[in-house]
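The values are calculated or read from the model by the stated rules, or taken from the named source; none is laboratory data. All figures in this text were calculated on a predicted structure; none of them were measured in a lab. Using ideal geometry, Cβ is built from the backbone for each residue, glycine included, and neighbour counts are taken over all protein chains shown.
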């Protein structure tokens, strides 16, 4: 059985993510196989800018991100399979996750991206470990 953290601990862990990320983080979408955390990325399909305040305080072991700006013109055509969040500086890696239409770290209505199309994320929720 995995370690189970109390809700206040999960909230503190998630709030530490918000503090570390800072304002206007970049949410990047890629195709292909997700590399080991922090590994070399594949084809960049789209890049969205997170809110200047990444998220309000976590509640119930859940971090609900503030609005994320759409990418008005996707970089490339492909199937989004994973994402990476980096700080606003574009280089400081924060997290990677899987992308899909259900059961993934980040779910979208479609993972088929087309170059120059608008790419949007309607909501993004991160659940703390063992919630």
Name the one entry in 23, 78 that is touching a residue at least 12 places away in the same chain (Cβ under 8 Å) and within 14 Å of residue 112 (Cα to Cα). 78
Of the candidates 43, 18, the one satisfying the condition of being surrounded by 12 or more Cβ atoms within 10 Å (Cβ to Cβ) and modelled with pLDDT of 95 or more is 18
Tell me whether region 63-70 contains one or more residues that are touching a residue at least 60 places away in the same chain (Cβ under 8 Å), outside any strand (DSSP E or B), in contact with a strand residue (DSSP E or B) (Cβ under 8 Å, 6 or more places away or on another chain) and on the phi > 0 side of the Ramachandran plot. no
Yes/no for residue 85 being in a strand (DSSP E or B), in contact with a strand residue (DSSP E or B) (Cβ under 7 Å, 6 or more places away or on another chain), surrounded by 14 or more Cβ atoms within 10 Å (Cβ to Cβ) and at pLDDT 95 or above: yes
Meets criteria (under 26 Å from residue 116 (Cα atoms) and modelled with pLDDT under 95) for residue 104: yes
Would you mind finding the one in 24, 57, 73, 123 that is modelled with pLDDT under 95, surrounded by fewer than 20 Cβ atoms within 10 Å (Cβ to Cβ) and not in a strand (DSSP E or B)? 123
Name the residue, out of 129, 103, 90, that is surrounded by fewer than 17 Cβ atoms within 10 Å (Cβ to Cβ), within 30 Å of residue 6 (Cβ to Cβ) and either in contact (Cβ under 8 Å) with a residue 40 or more places away in the chain or within 14 Å of the chain's Cα centre (by Cα) (or both). 129
